[in-house]
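Okay, structure first, notes after.
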Amino acid sequence: MKDTFFCATCGRIQEVAIESPFSFFDLKDAYQIDLDYLRKRYLLLQRKLHPDRFVLALDKDKELSAQYTARLNWAYRILNDPFSRADYLLSNIDADISVEDLQDQMMRQEKLEQLSTTEDLKRFYKDTQQEQNALEDKLSLAFNKKDKLTAKKYLIQIKYFRKLSIGIENKINKKCD
């Protein structure tokens, strides 16, 4: 594990170009990552780079520490969430949702609007989560096959399911108020 944030000679914090969230943690750009390693590396870097450690340092070092800490938190949020990680990896891939998938999502939205009992909403939520989980498995397989276009199509579908799930949760919560 390389530690390029500090000068090997004097130990001062130094400017380092961070190209991606993956490079921050010395990881390859990949969907499948070691989450245990990610968490350990995050906690280590958080301790080393935290602004509290630089209270008596030069202003430039304080500024670098604050920048790195903000960037570290950003990178960790992206990599720790499989959906955000996939979204980052596929951000340069253009893909459209199919007409069939769009119609399916519209039907699901209409169904949500028609459901009125908490029991029906919870059942719909459970079904939605199962379908989303199946799509996440397909997304993972597409990444394993290095098929980014198919992965992007699954990611688009997952976005719709996540949005639908939030809508269901909101409707359930309104019923419970």
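The values are calculated or read from the model by the stated rules, or taken from the named source; none is laboratory data. Here the structure is a predicted model, which is why all the values come from computation and not from measurement. Reconstructed Cβ throughout: ideal geometry from the backbone, glycine too, with neighbour counts over all protein chains shown.
Listed values, structure above:
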| read-out | value |
| --- | --- |
| Lone unmet requirement of (1) surrounded by fewer than 18 Cβ atoms within 10 Å (Cβ to Cβ); (2) in a helix (DSSP H, G or I); (3) of a type in the set (Ser, Thr, Tyr) for TYR125 | (1) |
| Single condition ILE168 does not satisfy, out of (1) more than 19 Å from the chain's Cα centre (by Cα); (2) surrounded by fewer than 18 Cβ atoms within 10 Å (Cβ to Cβ); (3) of a type in the set (Val, Ile, Thr) | (2) |
| Where ASP94 falls short, out of the listed (1) at pLDDT 95 or above; (2) more than 28 Å from GLN129 (Cβ to Cβ) | (1) |
| Matching entry among TYR154, TYR160 (being out of contact with any strand residue (DSSP E or B) (no Cβ under 8 Å at 6 or more places or on another chain), among the aromatic types (Phe, Trp, Tyr), in a helix (DSSP H, G or I) and free of Cβ contacts under 8 Å to residues at least 60 places away in the same chain) | TYR154 |
| Failed item in (1) over 27 Å from ALA142 (Cα atoms); (2) modelled with pLDDT of 95 or more; (3) of a type in the set (D, E, K, R), with ARG53 passing the rest | (2) |
| Test result for PHE161, hydrophobic (A, V, I, L, M, F, W, C), farther than 30 Å from ALA30 by Cα and outside the structural domain of ILE33 (by TED's automatic domain parsing) | no |
| When residues of region 94-118 are limited to those that are assigned to a helix (DSSP H, G or I) and among the acidic types (Asp, Glu), the one nearest to the chain's Cα centre (by Cα) | ASP101 |
| Test: residue in region 39-58 that is under 17 Å from the mean Cα position of the chain (by Cα) and either of a type in the set (Asp, Glu) or not in a helix (DSSP H, G or I) (or both) | no |
| Failed item in (1) modelled with pLDDT of 95 or more; (2) buried (at least 18 other Cβ atoms within 10 Å of the Cβ), with ASN73 passing the rest | (2) |
| Residues within region 59-93 that are in contact with a Lys or Arg (Cβ under 8 Å, 6 or more places away or on another chain) and part of a loop (DSSP other than H, G, I, E, B), tallied | 2 |
| Condition broken by ALA30, with the remaining ones in (1) in a helix (DSSP H, G or I); (2) within 16 Å of the chain's Cα centre (by Cα) satisfied | (1) |
| One residue from GLN103, GLN46 being among the polar types (S, T, N, Q) and touching a residue at least 24 places away in the same chain (Cβ under 8 Å) | GLN46 |
